[in-house]
Amino acid sequence: MDLDIDTVRVARTRADCVLRPGEAFLGGGTYLYSEPVPPGVTGLVDLTGMGWEPWSVDGAGLRVAGTCTLEELVSGPGSLGADTGGPYRALGLVAPCVSALTLSAKVARMATIGGNLALGLPAGSMVGLFAALSARAIVWTPDGGSRELAVSDLVTGVGVVDLAPGEVLREVRVPARMLGQRAVFRRASLTPAGRTAAMVTGRTGDRAPRIIVTASVTTPHGLYVRDHDMLDRWIDWIGREGAWYEDTHGSREWRAAMTRRLAHEAFDELSGA
Ligand SMILES: Cc1cc2nc3c(=O)[nH]c(=O)nc-3n(C[C@H](O)[C@H](O)[C@H](O)COP(=O)(O)OP(=O)(O)OC[C@H]3O[C@@H](n4cnc5c(N)ncnc54)[C@H](O)[C@@H]3O)c2cc1C
């Protein structure tokens, strides 16, 4: 840990969330405290002091606060999804998506949803989880307002997100009608406990299964899929677009092949084949 910073402020009110020059937000700190301090950052503003309810569910759907930890997500919404025939069965996606991060229990106790989404890493599996559930991200803007965008649109490049300086990822909302849908999860990595290199999530959808591809691509890709031909054409198009991601956890070619296989499996499962 190389914590060469001058200040840490604990945010208790919305006014505290207005960043001063050199400040950045702190969630659970599992990334920030494991990397060199980002250039120009001299202070941190700890959002966990805001005391937001980690998650809640009502007739409108599920809300998950930016400061909800991965552990809280699994023990709360994740446990609602354990009933595979129940009204929250889509939340069966929570546990495998959190496991896809291959974090230790210690890290999962601290790491937050907001931190995972804000990092915008290809292997940031909270994107694949919430994009599959057609969730919206609620973002607090520094002028005291807020804006909303689809989680699937949040990540715009490798480690690049649609969050302006000073914007807070306040919460993620999953519409109620998504919660009862059947969901699917597939993942591939080079070794059993390795970094997720391809992840396919999805849900049954209203008219056609919705498939989301993350981890093997530089930005999340999603499609309502009618048949296997359409799926193949889409996977080919992702390649032509130059969107396959490559690092030490897998080559472009291998990720593309794994994604194709997992996406077909996911489509079969969702369409009951
Ligand atoms: C062993 C290990 C394995 C890991 N594996 C993975 C992995 O497979 N995939 C992956 O994606 N990550 C991985 N990480 C990185 C990281 O732990 C997770 O992404 C985690 O979810 C980050 O959450 P955090 O709350 O700790 O973020 P922090 O470290 O607190 O912050 C991360 C970034 O998000 C910003 N931020 C935090 N909260 C908000 C908010 N609410 N609004 C706006 N900005 C915010 C911070 O300013 C910072 O830029 C791993 C880390 C470790 C230590």
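Numbers for the structure displayed
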| read-out | value |
| --- | --- |
| Chain lengthening between Ser271 and Tyr224 when straightened (0.36 nm per residue, less Cα-Cα) | 15.7 nm |
| Equivalent ellipsoid semi-axes, the stretch 54-178, via Cα gyration tensor eigenvalues times 5, rooted, Å | 22, 17, 13 |
| Of Thr67, Thr191, Thr219, the one that fluctuates the most in a GNM where the chain has Cα springs shorter than 10 Å | Thr191 |
| Förster radius 30 Å - calculated FRET efficiency between Asp247 and Glu148 (Cβ-Cβ, nearest 0.05) | 0.40 |
| Rel. contact order, % - alpha carbon contacts under 8 angstrom, at least six apart, the stretch 54-178 | 29 |
| Length gained when the stretch Lys106-Arg207 is fully extended (0.36 nm per residue, less Cα-Cα span) | 32.3 nm |
| Amide hydrogen neighbours beyond the local backbone of Leu44, cut-off 5 Å, H modeled | Thr7, Val8, Arg9, Ala24 |
| Solvent exposure ordering (accessible area, 1.4 Å, most first) of Asp46, Asp236 | Asp236, Asp46 |
| For the stretch 184-273, size of Cβ-based charge dipole, Lys and Arg +1, Asp and Glu -1, in debye | 180 |
| FRET efficiency estimate (nearest 0.05) - Cβ-Cβ, Leu190 to Ser34, R0 25 angstrom | 0.70 |
| Theoretical FRET efficiency, 1/(1+(r/R0)^6), r = Cβ-Cβ of Asp236 and Asp58, R0 41 Å, to 0.05 | 0.45 |
| Alpha-carbon Rg/Rh ratio, for the chain, with Rh computed the Kirkwood way | 0.97 |
| Within the chain, helix-based [θ] at 222 nm, where runs of 4 or more DSSP H residues each add -39,500 (n - 2.57), nearest 500 | -7000 deg cm²/dmol |
| Of all accessible heavy-atom area on the stretch 116-190, the percent that carbon and sulfur account for (1.4 Å) | 51 |
| Mean shadow area of the stretch 182-271, taken as a quarter of the surface of its Cα convex hull (nm²) | 5.3 |
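The values are calculated or read from the model by the stated rules, or taken from the named source; none is laboratory data. Note that the structure is a prediction, hence the values are computed from the model and not measured. Backbone-built Cβ (ideal geometry, glycine too); neighbour counts: all protein chains shown. Only protein heavy atoms, including side chains, enter the accessible area calculation; ligands, DNA and RNA are left aside. Shrake-Rupley method; radii C 1.70, N 1.55, O 1.52, S 1.80 Å.
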